[in-house]
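Have a look at the structure below before the remarks.
Derivation of every value follows stated rules applied to the coordinates shown; laboratory data play no part. Quantities reported herein were computed from a predicted structural model and do not represent experimental measurements. Note: ideal-geometry Cβ built from the backbone for every residue, glycine included; neighbour counts use all protein chains shown.
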Amino acid sequence: MRVAEPFLVMAKPVGPVCNLDCAYCYYLEKRALFPRGERFRMSPEVLEAYVARYIGASPGPLVHFVWHGGEPTLAGLDFYRLAVELQGRYLPEGWQCLNSLQTNGTRLDDEWGTFLAEHGFFVGLSIDGPAHLHDEGRRDRRGRSSHDRAVRGLRVLRAHGIDPDVLCALHARNVRHPLETYRFFLELGVTWLQFLPVVRRDERGRLDSWSVVPEAMGEFLCTVFDEWVRHDVGRIGVQNFLEPFLVVSGTPANLCVMAETCGRALALEHDGSVYSCDHFVEPAHRLGTVVVDDLGALVESLDQSAFATAKRDDLPGACRSCPVLAMCNGGCPKDRFAIAPGGDPGLNYLCVGYRRFYEHARPHLARMRSLAVRGRPVADIVGELEVAERDLRRRWQMTPRNASCPCGSGKKYKQCCLPRQRR
């Protein structure tokens, strides 16, 4: 069944197996879904069924394969050589396959770099900031640092002409260091960056110590946004800022967590099992198996359609009247376990942080849209803000201690912003 609209499959060739033991990982626990002695390797038969059925269900002419984990490089280069060969075998004339690999980077070497570059792979690399913040949560199974190896992997990719996207998990430790974390990536020369908030709960629904605090996440995003919009627009793309810019510009966001509905991003386990989403790999959301079932039929099935529309239909009343609903749409369903004002269930745990950030960023994003509408580069906002805020900065600097505070509170400066060093 060839579908009318594109969909993605996050394929996990080694399932929940990884060479790291990240403290906040949500996927390693999926080992419990499989019997003892499970090999956790996608067989050639499952791989071929996946490639054939995914291409067969895609509307084309571009088919995007996403290789995820666990750590997908553990499948070995021969696995990906076979995948590329099978793609060429099943691809209709005039169509094209894109491959994306999300990796921790610690196993990359020149052989990997040569292969990935030769076949045009896009690469996402996980790094959580400078070494002392990264290594708090991202150590290997022997407790050793992984930071140097991840940065080495970045350099291997660049040496082969691949500029990877960087994913930074935002957790309870690094969220307290917004500028240090952000400036580390600038110094590393990263050109595309995404901050992904960590929200983890145990089997009883209790948040663990690595989960980011919503207010701290909001403060982190606002602080980094202020730095980015005044200095780095056009220099580094931050997905957390550019996706809401799309929304302000009247274009739907690409991120499923910001979309009105979800359900177009399936998860494929190593054994061929297909699930509704990468965050819902559990028996209740198992749709079928790629060896037997048509992927197009699974993504358009009644069960998957219900899963997709529940994101919109189950919104609490407080969300429906929220001024930033268009940017948030309730966030990821996995995080919607809080109680909304008024007592409705289903509020996103991160709501307070997201709302603060979106309300803070929206005026500047609207200004960037105005620049684009007039045919000017959105990066021109950097110069505009410098000019607009020059007089404001001077005003703060020249305010006497006993004068009214420039923030407009009505209090004296010495009793308001001066003690907090706000200028």
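Sticking with the crude label model, points 7 Å out along Cα→Cβ, report the distance from R393 to K411 in nm, one decimal please.
2.5 nm
For the pair L98/R230, report the inter-label distance in nm, with labels modelled 7 Å from Cα in the Cβ direction.
3.5 nm
For V123, enumerate residues with amide H under 5 Å from its amide H, sequence gap 5+ or separate chain, H modeled in the peptide plane.
L101, D165
Which cross-chain or sequence-distant (5 or more) residues have an amide H under 5 Å from the amide H of M10, H modelled 1.01 Å from N in plane?
It is L266, A267, L268, by chain and number.
Once you order the gyration tensor axes a ≥ b ≥ c over the Cα atoms, which shape class does region 161-227 get: rounded for a/c under 1.5, otherwise prolate or oblate by comparing a/b with b/c? Please report the intermediate quantities before stating the final value.
Details: a/c = 3.02, a/b = 1.67, b/c = 1.80.
Taking the square roots of the gyration eigenvalues as a ≥ b ≥ c, region 161-227 is oblate.
Counting other C-beta atoms within 10 Å, and keeping those with at most 15, which DSSP coil chymotrypsin sites (Phe, Trp or Tyr not before Pro) do you find in region 265-368?
Working: sites: Y275, F280, F307, F337, Y349, Y354, F357, Y358; in loops: F337, Y349.
Passing sites in region 265-368 are F337.
Within region 10-75, which trypsin sites (Lys or Arg not before Pro) sit in a loop by DSSP and count at most 15 neighbouring Cβ atoms inside 10 Å? Could you put the intermediate results ahead of the total?
Details: sites: K30, R31, R36, R39, R41, R53; in loops: R36, R39, R41.
For trypsin sites (Lys or Arg not before Pro) across region 10-75 that sit outside H, G, I, E and B with at most 15 neighbouring Cβ atoms in 10 Å, the list reads R36, R39.
Taking R0 as 41 Å, what's the FRET efficiency between D109 and R376 from their Cβ-Cβ distance, rounded to 0.05? Mind showing how you got there, number by number?
Numbers: r = 44 Å, r/R0 = 1.07.
The calculated FRET efficiency here is 0.40.
Taking θ = phi - 60°, what integer Hz values does the Karplus form 6.51 cos²θ - 1.76 cosθ + 1.60 yield along region 109-114, in sequence order, with x for Gly and Pro?
Taking θ as phi minus 60°, the curve returns 9, 4, 5, 5, x, 5 Hz for region 109-114.
Loop only by DSSP, 15 or fewer other Cβ within 10 Å of the Cβ. Give me the trypsin sites (Lys or Arg not before Pro) in region 132-168 that pass, ordered by residue number.
R141, R142, R144
Short version: ³J(HN,Hα) in whole Hz for each residue of region 170-180, in order, from phi by Karplus 6.51 cos²θ - 1.76 cosθ + 1.60 (θ = phi - 60°), x for Gly and Pro, what are they?
9, 10, 5, 8, 6, 5, 7, 10, x, 6, 4
Computed FRET efficiency, Cβ-Cβ of R204 and D21, R0 22 Å: what is it to the nearest 0.05?
0.45
Would you please give the residues with an amide H less than 5 Å from that of A169, counting only those at least 5 places away or on a separate chain, with H modeled from the backbone geometry?
For A169, whose amide H was placed from the backbone, the distant partners under 5 Å are I127, L196.
Can you return the lysines within cross-link range of K30? Criterion is Cα-Cα under 24 Å, with same-chain partners fewer than 8 residues away left out.
Cα-Cα hits under 24 Å: K12, K311, K334.
List, largest first, the extents of the alpha carbons of the chain along their principal axes, each in whole Å.
77, 50, 48
Å³ per residue of the Cα convex hull, for region 285-423?
It comes to 209 Å³ per residue, whole-number rounded.
Just to check I understand the Karplus step: with θ = phi - 60° and J = 6.51 cos²θ - 1.76 cosθ + 1.60, what whole-Hz values come out for region 122-139, glycine and proline as x?
Working through the residues one at a time gives 8, 10, x, 10, 8, 9, 9, x, x, 3, 5, 8, 4, 6, 4, x, 10, 10 Hz.
How far is it, in nm, from the label point at A403 to the one at R155 when both lie 7 Å from their Cα along the line to the Cβ?
Inter-label distance under the simple model: 5.1 nm.
Order the peptides 281-290, 238-247 from the highest to the lowest mean number of other Cβ atoms within 10 Å of their residues. Before the final figure, lay out each step's value.
Numbers: 281-290: 16.6, 238-247: 20.5.
Order by mean packing, descending: 238-247, 281-290.
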